[in-house]
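The next block holds one structure in the form of structure tokens; read it before the comments.
Just so you know, all these numbers are worked out from the coordinates, no wet-lab data involved. Keep in mind the model is a prediction, meaning the values are calculated, not measured. Neighbour counts run over all protein chains shown; Cβ positions are idealised from the backbone, glycine included.
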Amino acid sequence: MRDKDGGDCSVIKRQLIEKVKASGKQEFTLVRIACTELESFYLGDLNAVEQGLGISNLAKKQQEKKYRTSDVLSNAAQELQKLTQRKYQKVSGSRAIGLHLKTDGSDGSNRSHSFNVLLNGIEKLVSITS
């Protein structure tokens with residue numbers, strides 16, 4: 001998995017799949033692109049951001065237009081910095097928030113489509129290998 005980083009998702013994914021094939025380990029491999037940045041996953045679940053960073057009243061902002069469809073934000077990392085008043089830091093913030101992201105996907109708690117596609121892909125991969 002990697003960020004789109006302004007590139008073409010199709011091209012990036014094709015290049016990653018080619019690398020996996022070249023490694024000879026493609027049997028149980030899942031390639032996913034976070035659209036546009038990994039931070040879109042966090043902005044899709046402001047409850048997790050609130051809990052992870054200890055900031056009150058963020059979850060209620062989930063109904064604002066830009067957070068209902070977090071994958072369309074072209075600057076999710078900057079938006080997360082602004083929203084958290086610079087409390088979010090890429091490594092430590094990601095670790096803190098990640099502990100609170102719901103991964104079952106069944107309750108629709110994360111509004112990031114690309115995060116939910118990732119979860120579905122992982123579920124399929126696990127069912128194949130089980």
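Which loop-located GluC sites (Glu not before Pro) does the range 1-68 contain, where loop means any DSSP state but H, G, I, E or B and the Cβ has at most 12 other Cβ atoms within 10 Å? Sparse-neighbourhood loop GluC sites (Glu not before Pro): Glu27, Glu64. Whole-percent P(r), the chain, all Cα pairs, 5 Å bins from 0: 2, 11, 19, 22, 18, 13, 9, 5, 2, 0.
Helix 9-23 and the longest principal axis of the C-alpha atoms of the chain enclose an angle of approximately 50°. When Thr103, Thr36 are arranged by Cβ crowding within 10 Å, least crowded first, meaning fewest neighbours, the order is Thr103, Thr36. Among the trypsin sites (Lys or Arg not before Pro) in the range 42-130, those placed in a DSSP loop whose Cβ has at most 10 other Cβ atoms within 10 Å are Arg86. Listed by chain and number, the aspartates and glutamates placed with their C-alpha closer than 20 angstrom to that of Lys60 are Glu39, Asp45, Glu50, Asp71, Glu79, Asp107; residues fewer than eight positions away on the same chain are left out. Here's the list of lysines a cross-link from Lys21 could span, going by alpha-carbon distance under 18 Å and ignoring same-chain residues fewer than 8 apart: Lys13.
Here Lys19 is the anchor, and the aspartates and glutamates within straight C-alpha reach of less than 18 Å, apart from those fewer than 8 places off in the same chain, are Asp3, Asp8, Glu27.
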